[in-house]
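Down below is the structure, laid out as structure tokens.
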Amino acid sequence: MVSLTIDGVSVQVPENTSVLEAARQANIKIPTLCYLKGVNAIGACRVCLVEIVGNAALQAACVLPVSEGMQVKTNTPRVQKARKLSLELLLSNHDRECLTCVRNRTCELQALAETFQVNEYKYEGAKIEKPLDLLSPSVVRNPNKCILCKRCVAVCRNIQKIGAISATQRGFATTIAPAFDKSLAEVPCINCGQCIAACPTGALSENSEIDNVWAALHDPSKHVVVQPAPAVRVAIGEEFGMPMGTRCTGKMAAAMRRMGFDKVFDTDFGADLTIMEEGYELLDRIQNGGVLPMITSCSPGWIKYCEHFYPEFLPNLSSCKSPHQMLGAIIKSYYAQKNGIDPKDIYTVSVMPCTAKKYEKLRDGEAGTGYPDVDAVLTTREFARMIKQANIDFVNLPDEDFDDVLGESTGAGVIFGATGGVMEAALRTVADVLTGKDLENIDYTDVRGIAGIKEASVNVAGMEIKVAIASSTGAAQKLLDAVKAGEKQYHFIEIMGCPGGCVNGGGQPIVPAEVRSVLDPRVERAKGLYSEDSDKKIRKSHENPSIQKLYAEFLEKPNSHKAHELLHTFYAA
Ligand code: HC1
Ligand code: SF4
């Protein structure tokens, strides 16, 4: 341990701790901008400068390791002046149109400028008007709002192991962009949106579909049906000041009804349906010598990553569409037929924690009825914006249920939103099918938790099923390399493109760096999902009465010809 003082407070921390983290342990908050815990520590923005007694130059606390006897001062006149100067320089060539910015009031630069009373623009840098990148269906890049903190570069390169963006050009012309100033739509960007979640300003945002959804809601000829993803219900509350992980399932359904959606269904039903299709596909591959390991296919960021970087694993991918696409196809077929509605008049909206879903809905093979399975995808953030635009008092809404029958779901469906959840849900069904019993021990705790890679071996009816789980494409890379090298053998692998799974998707409420230093959204939001699972009466997908009804009335059986037509897809190398 190393002993030091920070603003006169004695602190003991392990060796190699940064001064910034040591200060946080002593409840001293040093402001930061380019620092993002576990992702980026480069000392570039000069906002976390501190004074070290006996040292002439100010130091960046995020990259300075503690040393024995060090005396740190975080709030001297020199420090205050230097921080303010750093902010003034950052603002000198920033597009300062805060009122029209997507991050107005959630921007970390704006918040610091307010804290440090930057009440005039002292310096004018060379304002180079840079073109916006609007071509990606998922991510909009506005380089004029970029402060070169490189948090996005670090998450894309170090966590996702993609490196789609980096610093190009020099001086005032420096831009964070794909190589050769191409659009994100023209490079192997996987649309995960992790860069958006890391961005402190309005330089990166989702490609908004809010206007399209309002237009559909206001069009009397459209029957507008909505479905929220599992992970949205434990994050949407953050947009209204509620604690991270608060379960808002009932309020969310109530808000959707008040916004004017004709039917409020639930992607959790789609997740239960996925388990039926994917579970039986796995059993078929195991029993009939199919390609193993089978790998899950519900995360479109992961699918795009596989297509770009690991095409040799495409035969391993389950052919199942992702749950919201499956539900979209069922709405435009089964639901449309039962209710005598022409599918061309149905407009389906998915509310997702994910920006890659905006890309997924456009892929070939995602129009089971000849019409798009899903017409619009809103992120959790866009959905919250629409609730505010509709003057809905979200916090005080009553809890309401989803509509029958495509709104009924099980605990297995809800845990899809956390890493390991799809695997656990599948095991609950596969174990019952293989043993022919209604097993009671269904909490597969080995597959829970936020580790990037998890492994488990499950004995079912005398058969050892080996499974692995990876979340983030960086973790997927490591796992797939081990499988390729023959070092690891599995029957079934779950891969989610975002670290922690959908709860931490690129469309979720932005968590400022300061909050991320003390609270992990992957953990807090997942807790909400697992508590909803344990409160559910039915916790296995195959026991969902509405799923049973759907097969009895329409699909016949899992992997039937009709199920293949509507619920399965294909991949392109
Ligand atoms: Fe997900 Fe899925 S879990 S992919 O993360 O399989 O987005 O929540 O909706 O479709 O169900 C996302 C979440 C989501 C799908 C499901
Ligand atoms: Fe990188 Fe994902 Fe952002 Fe694309 S969306 S630039 S892959 S972090």
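The numbers here are math on the coordinates, done by the rules we state, and not lab data. None of these values were measured; they are calculated from a predicted model. Using ideal geometry, Cβ is built from the backbone for each residue, glycine included, and neighbour counts are taken over all protein chains shown.
Express in whole angstrom the spacing between the alpha-carbon centres of region 308-331 and region 522-573. First find each Cα centre; the distance between them is then 14 Å.
In terms of the mean number of neighbouring beta-carbon atoms within 10 Å, the peptides 355-363, 246-254 order highest first as 355-363, 246-254.
With the helix formula -39500 (n - 2.57) applied to DSSP H stretches of n ≥ 4, the chain reaches a computed 222 nm mean residue ellipticity of -9000 deg cm²/dmol. Near CYS34: Cβ cut-off under 14 Å, other residues only, Lys/Arg at +1 and Asp/Glu at -1. The net charge is +4. Just check region 432-545 against the gyration tensor rule for me: Cα atoms, a ≥ b ≥ c as the square roots of the eigenvalues, rounded for a/c under 1.5, and otherwise prolate or oblate depending on whether a/b exceeds b/c. It is oblate, given that a/c is not under 1.5 and a/b is not larger than b/c. Ranked by the mean number of other Cβ atoms within 10 Å of their residues, highest first, the peptides 209-222, 104-117 come out as 104-117, 209-222.
Placing +1 on the Cβ of every Lys and Arg and -1 on the Cβ of every Asp and Glu, with no other charges, gives region 494-573 a dipole of roughly 140 debye about its Cα centre. The listed peptides 139-151, 13-25, 262-274, ordered by packing as a protection proxy, come out as 262-274, 139-151, 13-25 (highest mean of other Cβ atoms within 10 Å first). Each of MET1, ALA573, ALA367 was placed along the dipole of the chain (beta-carbon charges, centred on the mean Cα), and the one lying farthest toward the positive end is MET1.
If R0 is taken as 30 Å, the Cβ-Cβ distance between ASP364 and VAL395 corresponds to a FRET efficiency of 0.10.
Tell me whether the chain comes out rounded, prolate or oblate; compute the Cα gyration tensor, take square roots of the eigenvalues as a ≥ b ≥ c, and use a/c under 1.5 as the rounded threshold. Verdict is prolate for the chain.
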